[in-house]
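Participant: If you scroll down you'll find the structure; I have some questions about it.
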Amino acid sequence: MKTIILKIKKKPEKIKIRQAADILKNGGIVAFPTDTVYGLAVNALNSNAKKKVYKLKGRSFKKPLIIMPKDTNSLRKIAVVGKSVEKLIRKYWPGPLTLILSTNKTGRMIMGGRSDLGVRIPDNNVALSLLETCDFPVATTSANPSGKPSAKTGKEAARYFKNKVDLIIDSGECKKKIESTVLNATRFPFSIVRQGCISREKIESLMNI
C-alpha cells in the first residue's frame, strides 16, 4: 500500500477533505489531526474497516473505538444525552473531553450491541471539516501502535503508519499534545477514567461534585 500524504496547514481545503472522506466511505483508514493527538479514522458502519484498524494497532477488541459525531444533533441519534451531559458539552465541546454515554438503539447497532460508547468532538478545524463532510459516523482511535506514544505531529503519524494506512492528513503539531480526559457519564456521580487535558478539579467544580 502506498499512503497518500496531504498537507493541510490551517484552512481546510475542500478538495482534500473530500478525498479523505471518500476514502473513509469506501472502507479505508485515514490518519488525521485533532486538538489533542493524531487519530486514525474509519467508517463506523464498516465492520471490515474497524477490524483493519484494530489489527493495524495491535489493539484489543475489548477496547471500543471512539465515535466522533459532527455535532450534538448527530450525537443524540446514537446516545442518551441528559442535562448534566449537556452542561459538560456546552463547556468543553469542541474540545479535549471524551464522554462515555449510554447508547440508544442506533448506538448499540454501531457499537456491536454495547450499552455504552465513547464520544468526542475535537477542537480542530481539519477534523471538524472531515466530520462534517462524512455522511456516516466516524470511529476513531489514537494514531499509534498499542503501547507506543500517541503521534503528536503528522511526521510522527507517518513514521508509525506510512504505507500502512490509505491517507495521512499532515497538519503539523497538535495544539494540546496530550490525550483527552475521559469521563464515564453513564451513571451519577460521573467518574474520570483517564485524566488528560482537563483536570479532575475542573470537572468536579463544574458538576458540583
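The values are calculated or read from the model by the stated rules, or taken from the named source; none is laboratory data. Computed from a prediction, not measured in an experiment: that's the story for all the values here. Backbone-built Cβ (ideal geometry, glycine too); neighbour counts: all protein chains shown.
Participant: Would region 31-40 turn up any residue that is assigned to a loop (DSSP other than H, G, I, E, B), modelled with pLDDT of 95 or more, crowded, with 19+ Cβ neighbours inside 10 Å and polar (S, T, N, Q)?
Facilitator: To start, the set of residues in region 31-40 that are assigned to a loop (DSSP other than H, G, I, E, B) comprises 33-38.
Going one step further and asking which of them are modelled with pLDDT of 95 or more, we end up with 33-38.
Retained after the next criterion (residues that are crowded, with 19+ Cβ neighbours inside 10 Å): 33-38.
Next, from what is left, pick out any that are polar (S, T, N, Q): 34, 36.
Yes, region 31-40 contains at least one residue that is assigned to a loop (DSSP other than H, G, I, E, B), modelled with pLDDT of 95 or more, crowded, with 19+ Cβ neighbours inside 10 Å and polar (S, T, N, Q).
Participant: Can you find a residue in region 48-70 that is polar (S, T, N, Q), free of Cβ contacts under 8 Å to residues at least 24 places away in the same chain, surrounded by fewer than 17 Cβ atoms within 10 Å (Cβ to Cβ) and within 27 Å of residue 159 (Cβ to Cβ)?
Facilitator: So far as region 48-70 goes, yes, one or more of its residues are polar (S, T, N, Q), free of Cβ contacts under 8 Å to residues at least 24 places away in the same chain, surrounded by fewer than 17 Cβ atoms within 10 Å (Cβ to Cβ) and within 27 Å of residue 159 (Cβ to Cβ).
Participant: Could you check region 1-41 and list, in sequence order, the residues that are among the aliphatic types (A, V, I, L, M) and within 17 Å of the chain's Cα centre (by Cα)? Can you show your working first?
Facilitator: Initial filter on region 1-41 (among the aliphatic types (A, V, I, L, M)): 1, 4-6, 8, 15, 17, 20-21, 23-24, 29-31, 37, 40-41.
Residues satisfying the conditions are 17, 20, 21, 23, 24, 29, 30, 31, 37, 40, 41.
Participant: Answer yes if at least one residue in region 48-55 is at pLDDT 95 or above, closer than 16 Å to residue 136 by Cβ and touching a Leu at 6+ places or on another chain (Cβ under 7 Å), and no otherwise.
Facilitator: Scanning region 48-55, I find at least one residue that is at pLDDT 95 or above, closer than 16 Å to residue 136 by Cβ and touching a Leu at 6+ places or on another chain (Cβ under 7 Å), so the answer is yes.
Residues are listed down the side, and each one gets a yes or a no for (1) farther than 22 Å from residue 46 by Cα; (2) touching a strand residue (DSSP E or B) at 6+ places or on another chain (Cβ under 7 Å); (3) not basic (Lys, Arg):
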| residue | (1), (2), (3) |
| --- | --- |
| 88 | yes, yes, yes |
| 99 | yes, yes, yes |
| 103 | no, yes, yes |
| 112 | no, no, yes |
| 115 | no, yes, yes |
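Participant: Report the residue count in region 6-17 for those that are exposed (fewer than 14 other Cβ atoms within 10 Å of the Cβ), at pLDDT 95 or above and in contact with a helix residue (DSSP H, G or I) (Cβ under 9 Å, 6 or more places away or on another chain). Spell out how you get there, then give the answer.
Facilitator: So in region 6-17, the residues exposed (fewer than 14 other Cβ atoms within 10 Å of the Cβ) come out as 7, 9-11, 14-15.
Retained after the next criterion (residues that are at pLDDT 95 or above): 7, 14-15.
Then keep just the ones that are in contact with a helix residue (DSSP H, G or I) (Cβ under 9 Å, 6 or more places away or on another chain); that gives 7, 14.
Summing the residues that are exposed (fewer than 14 other Cβ atoms within 10 Å of the Cβ), at pLDDT 95 or above and in contact with a helix residue (DSSP H, G or I) (Cβ under 9 Å, 6 or more places away or on another chain) in region 6-17 gives 2.
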